[in-house]
1. If I ask for residues that are without any contact (Cβ under 8 Å) to a residue 60 or more places away in the chain and among the aliphatic types (A, V, I, L, M), which ones from region 227-251 would you list?
2. Is it true that some residue in region 128-138 is among the polar types (S, T, N, Q) and closer than 22 Å to Gln237 by Cα?
3. Find the strands (runs of 3 or more DSSP E) located wholly in region 311-390 whose residues include 1 or more that are at pLDDT below 95, over 16 Å from Val113 (Cα atoms) and not aromatic (Phe, Trp, Tyr), and list them.
4. Which one of these does Asp197 not meet: (1) farther than 17 Å from Ile344 by Cα; (2) in contact with a helix residue (DSSP H, G or I) (Cβ under 8 Å, 6 or more places away or on another chain)?
5. Of a type outside the set (Gly, Ala, Ser) and crowded, with 23+ Cβ neighbours inside 10 Å, is that true of Asn314?
6. If only one of Glu90, Glu107 is without any contact (Cβ under 8 Å) to a residue 24 or more places away in the chain and either in contact with a Cys (Cβ under 6 Å, 6 or more places away or on another chain) or outside any loop (DSSP other than H, G, I, E, B) (or both), which one is it?
7. Tell me whether region 56-67 contains one or more residues that are of a type outside the set (S, T, N, Q), free of Cβ contacts under 8 Å to residues at least 24 places away in the same chain, farther than 27 Å from Asp353 by Cα and surrounded by fewer than 19 Cβ atoms within 10 Å (Cβ to Cβ).
8. Would you mind finding the one in Val94, Val153 that is under 20 Å from the mean Cα position of the chain (by Cα) and within 20 Å of Val236 (Cβ to Cβ)?
Amino acid sequence: MKITAIEDLHCDAGWRVWSFLKVTTDDGVIGWSEYNESYGSKGLSAVIRKLTETLIGQDPRPVERISAQLYAMTRQAPGGLISQAIAAIENALVDVKARALGISVAEMLGGPVRDRLRLYWSHCGSYRLNHAKLMGKPPVASLADVVALGKEVREKGYTALKTNIFMFDRGAPYMHQPGFGRIDGWPELNADRRVLDTITAQMAAFKEGAGPDVELLLDLNFNFKTEGYCRVARAVQPFDLLWLEIDLFDPAALAQVRRSAPVPIASCESLFGRRQFRPYFDQQSMDVAIVDVPWNGILESVKIASMAEAYEVNCAPHNFYGNLSTMMSAHFCAAIPNFRIMEIDIDDVPWKDELVGPAPVIERGHLVLPKGPGWGVEVNEAVLRKHPPR
């Protein structure tokens, strides 16, 4: 078996772009992966194209050797776009190998440990602030809408939801995201009383709508400094969160937050590889390690999870992409013993389930692992080309 072509394809996803890597072989086996360059990764496709030039004509099945070779070629520029590019290539090659063997990726990795994965509804309300019309969903423009959305989550059978910080103090609602240079609060990243009161009111509204049986998660991203994260953690204590999600590039600072926080801490979705995760494990910085499979590659992601297991830490995937990424993350969750809960975006453009099929099967808030070879799904190129990036 030899690689004959590697192609990147892209489609409109409303307020972002979904990107795919397609690997074709002379045996007719095709492997796919999903990657993302819409959030801080501009130019990723160009990096992928340059790295894949050396792979045409190679056997795609010794994936570990190929990934090791790509890391060696780029050793002086590790992380960032390089790691994401290698991960996209690795994930597509893993799909090829599993398909060639006629088994699922989870089975190829020694699993599945489980075939049903508990989900949490991610970005709950976040996309409805500004993109409700694109999705054909009711907008979120007030705390009353937050209450209604919490009720919707419960009625659809989900047992957990994760949200961001919503602000309703201007003409149009928006997310509080100073960590990404948006609106006010940047660059100081302070947690003032206005923001703290907003957070507690929002969590109370979700709890009112969702009821006592739906667990809440709050994602703070990079939006505060150490002091601010500690203040938010104290403010949300009454809501008994499943976790408070924090992004910090200093493992000691995150460990300080965890020691003082009265709620579990989840983190590390923005890290690359075991070398970046290790100091966070050594410092006991978080209760749950979040691993991004499209960023790290599934083979490296499983190795990160194995390291986490040695530190008595469970893992959850970072999965706010399309349905192919959801299946890639699902096989990761199915293959590791130390699984916590899986992220999934429910609100999205109407054609999402047409693009990659079969669509995810969700029963009572749990994803059912597909049984087909590879990722267990197929990319519909006709639908992909029907929605070109804008």
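1. Just the residues of region 227-251 that are without any contact (Cβ under 8 Å) to a residue 60 or more places away in the chain, to begin with: 227-241, 243-244, 246, 248-251.
Within region 227-251, Val232, Ala233, Ala235, Val236, Leu241, Leu244, Ile246, Leu248 meet the criteria.
2. Just the residues of region 128-138 that are among the polar types (S, T, N, Q), to begin with: 130.
Cutting the leftovers down to closer than 22 Å to Gln237 by Cα gives us none.
No - not one qualifying residue is present in region 128-138.
3. Numbers: elements: 314-317, 342-345, 361-363, 366-368.
Answer list for region 311-390: none.
4. Against the list (1) farther than 17 Å from Ile344 by Cα; (2) in contact with a helix residue (DSSP H, G or I) (Cβ under 8 Å, 6 or more places away or on another chain), Asp197 comes up short only on (2).
5. Values: of a type outside the set (Gly, Ala, Ser): yes; crowded, with 23+ Cβ neighbours inside 10 Å: no.
Spelling it out, it is not the case that Asn314 is of a type outside the set (Gly, Ala, Ser) and crowded, with 23+ Cβ neighbours inside 10 Å.
6. Values: Glu90 fails: without any contact (Cβ under 8 Å) to a residue 24 or more places away in the chain.
Only one candidate passes the filter, namely Glu107.
7. First pass over region 56-67, keeping only residues of a type outside the set (S, T, N, Q): 56-57, 59-66.
Checking which are free of Cβ contacts under 8 Å to residues at least 24 places away in the same chain leaves us with 62, 65.
With the extra rule that they be farther than 27 Å from Asp353 by Cα, the set shrinks to 62, 65.
Checking the rest, the ones that are also surrounded by fewer than 19 Cβ atoms within 10 Å (Cβ to Cβ) come to 62, 65.
Taking every residue of region 56-67 in turn, at least one turns out to be of a type outside the set (S, T, N, Q), free of Cβ contacts under 8 Å to residues at least 24 places away in the same chain, farther than 27 Å from Asp353 by Cα and surrounded by fewer than 19 Cβ atoms within 10 Å (Cβ to Cβ).
8. Details: Val94 fails: within 20 Å of Val236 (Cβ to Cβ).
Answer to the check: Val153.
The values are calculated or read from the model by the stated rules, or taken from the named source; none is laboratory data. Keep in mind that this is a model prediction, so the values were computed, not measured. FYI the Cβ positions are ideal-geometry reconstructions off the backbone, even for glycines, and counts take in every protein chain you see.
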